[in-house]
Amino acid sequence: MSDKRMLILDAVVAKRIDDNRGDMNVSDFINFLIDGQLKPTVTEVKNNHVSKEEFQQFEQGIRDLLRSFLEFFLSYNLELGKSSTERELDRLAQKWQAMGFSTKAERT
């Protein structure tokens, strides 16, 4: 059996609990609120900020993912027998350069 205790609250607080607890009983609702406040949050564990190095690693990962996707798309498009025009390839090269990618890839 659980040990039960009485908690004396202001009437305003008791009304707020009743107004917001939904289907939960009062004890479960108060436990829920307390647990939510006592659990360590991300900001307590780490200041909720990323370091410059972490951001650069993330940015490089996104660039690598984008490069892989574009290379797959180009190779898949070429395998289907659709030949890209020189104008389309130049436009793609400009987009790559705008994103900071090298355009050293050979065109076939």
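FYI, it's all coordinate maths here, none of it is from the lab. These figures come from a predicted structure and were not determined experimentally. A quick note on method: Cβ atoms are made from the backbone with ideal geometry, for glycine too, and the neighbour counts reach across all protein chains shown.
So how far apart, in nm, are the two label points at LEU66 and ILE8 if each is 7 Å from Cα heading toward Cβ?
According to this spin-label approximation, the distance is 6.4 nm.
On full extension of the chain, what length is gained from LYS15 through GLN37, given 0.36 nm per residue of separation minus the C-alpha to C-alpha distance?
On the way: separation 22, 0.36 × 22 = 7.92 nm, distance 2.03 nm.
Fully extending the segment from LYS15 to GLN37 adds 5.9 nm.
Tell me the label-point distance for the pair ASP28, GLU59, using the 7 Å Cα-to-Cβ offset, in nm and rounded to one decimal.
Taking the two extended label points, one gets 4.9 nm.
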